[in-house]
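Quick notes on the structure that follows.
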């Protein structure tokens, strides 16, 4: 290698090198930039434009219909059911899966090495193909030969019958679960929680390992004797940023629920449309029925919800990042 | 330990609920239709020989068979020849339930093809993501150029967009290009991983500048630096990202469901399973659960073998 005085070389070639670096910089980033535009930004704009039309694939032309698609979204009862189903799912799954994730993380963390086995097991549903597991759950919940109702039937004739649910079930048969419009959405919620809480647990565990032990000693010195006090004064504040993140990511995942719904009810989104969530609506309206305008309007609404949530998260993180 | 018993109680209860569908899936894949119907046979089933009704139906002895077999059953009338032939067919068609379920899983539908498609799609998505994301991440982390902050701002903005949410306009675009029902349709929307760019950029920021300067002194081009200097330093982060990407796309159902319609040659494993469910009558629970087990197993086994790496990879998105 030739020995060059670095300062001299830098002086002579600086403007040239800057120029060259700018060109290579743009050159290296170009493929990513082009794809970002074509795959992420253009489709959003396209959806925005199409949501004001009555376009269908295969039609040579289309009409501008103004706000008609959005008007439908806020007046038709189908879409009211869509909001009810989506928000029921999100509002149920997010708090419970975050709560269970935190609880499991605290228990597993306090057990030390033995706790790792539970960590492994609770993480399995995150790894498994959700569609396959949805079908497995469908068999479990089969009204006559499913494991769930068979297990419940074993309680018949015992003191369990004191509970109204068991008394009714033993007399008139246990619920149909997926076929029953009172249970359908809750079953889907349950599977969402079942699948997601292990993920949240692992994120909380990562957060817990970063809490300094000295903080617990300090809290104890200050008179925080009970486990609850230590949790309230040390653990919970230290987990703040993790919690904000876990809640946001759970929300975004919950909004995107689709696999279970499509597996259980390929047509129609559940008994009486009780599980007609937004992603399923986009799929049904936009792709199956080729009503691109209305599908695009739902897409825009969906993006609005998700981006709003993420912006809240960023704002929260920036506001209380220091603990 | 004695003080912790209640924690174990709670966690074991959770374990039962978490494992129940896995238990049932694997157990049903071992059992005969009768055992599934009646709910007996424990975990493995009794594994008694069973007769495959479809196999028998296909090989029902006809007139010609009886004529051909007359020599073997000399001196018997037609009815008894037919009966003996039927008995032979049934013997040929009987097998253990576990063999029945798994062989049906692979013969009723081209499951090997589906698995191969799954591998092709996940691997090409990952490779293209890397080819696109690494140079961009390097440029954003280590090169100074006008507009760099704007580009990075765009990356941060794009992190907000879930690709599933814009599936409809993407589908329209691909349909306009005539690309639906191709491998390209399965791969293209995932070729840009904004998250990958962000992640690798954060990682490259920690690589010392001296390393890059030394490589420049040696006369390496910037592109060569990306692949021969930066890539080797980033192996752990890349591995985590690979796991993240492969798990997401192996398990993805929504996107393949949209762009692949009817063409079985392009089905990914979840689509294949879905089709199985669509045309299965009740007696097909066993083979279907066998299919499900085959599809779920690769990732679960890989996870059990390299747990730490998998958990790292999947929770990457928490590393912000």
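The values are calculated or read from the model by the stated rules, or taken from the named source; none is laboratory data. Remember, it's a predicted structure, so these values are computed and weren't measured experimentally. Note that we place each Cβ from the backbone using ideal geometry, even for glycine, and neighbour counts take in every protein chain shown.
Some points to look at:
- Candidate set from the stretch A:274-310 (those that are over 23 Å from residue B:158 (Cβ atoms) and in contact with a strand residue (DSSP E or B) (Cβ under 9 Å, 6 or more places away or on another chain)); member that is farthest from the other protein chains (Cβ to nearest Cβ): A:293
- Test for residue B:76: is it surrounded by 14 or more Cβ atoms within 10 Å (Cβ to Cβ) and in a helix (DSSP H, G or I): no
- In the set B:212, B:197, only one residue is assigned to a helix (DSSP H, G or I) and at pLDDT 90 or above; that residue is B:197.
- Of all the listed residues (B:67, B:90), the sole one being in a helix (DSSP H, G or I), more than 30 Å from residue B:252 (Cα to Cα) and touching a strand residue (DSSP E or B) at 6+ places or on another chain (Cβ under 6 Å) is B:90.
- Of everything listed in (1) under 23 Å from residue B:182 (Cα atoms); (2) within 10 Å of chain A (Cβ to nearest Cβ), the single unmet condition for residue B:267 is (2).
- Candidate set: the stretch A:111-139, residues that are farther than 18 Å from residue A:199 by Cβ, free of Cβ contacts under 8 Å to residues at least 12 places away in the same chain and surrounded by fewer than 21 Cβ atoms within 10 Å (Cβ to Cβ); chosen: the one farthest from the other protein chains (Cβ to nearest Cβ): A:113
- Filter result for residue B:262 (surrounded by fewer than 22 Cβ atoms within 10 Å (Cβ to Cβ), more than 10 Å from chain A (Cβ to nearest Cβ) and within 24 Å of residue A:130 (Cα to Cα)): yes
- Residue within the stretch A:35-52 that is over 30 Å from residue A:295 (Cβ atoms), within 22 Å of the chain's Cα centre (by Cα) and touching a residue at least 12 places away in the same chain (Cβ under 8 Å) present: no
- Sub-9 Å Cβ pairs linking a first residue in the stretch B:112-125 that is on the phi > 0 side of the Ramachandran plot to a second residue that is surrounded by 23 or more Cβ atoms within 10 Å (Cβ to Cβ) and part of a helix (DSSP H, G or I), at least 6 apart or interchain, number zero.
- Of the residues making up the stretch B:101-112, those that are in contact with a helix residue (DSSP H, G or I) (Cβ under 7 Å, 6 or more places away or on another chain) and in a helix (DSSP H, G or I) number 8.
- Condition met for residue B:169 (within 18 Å of residue A:45 (Cβ to Cβ), assigned by TED's automatic domain parsing to the domain that holds residue B:216, free of Cβ contacts under 8 Å to residues at least 12 places away in the same chain and surrounded by fewer than 20 Cβ atoms within 10 Å (Cβ to Cβ)): no
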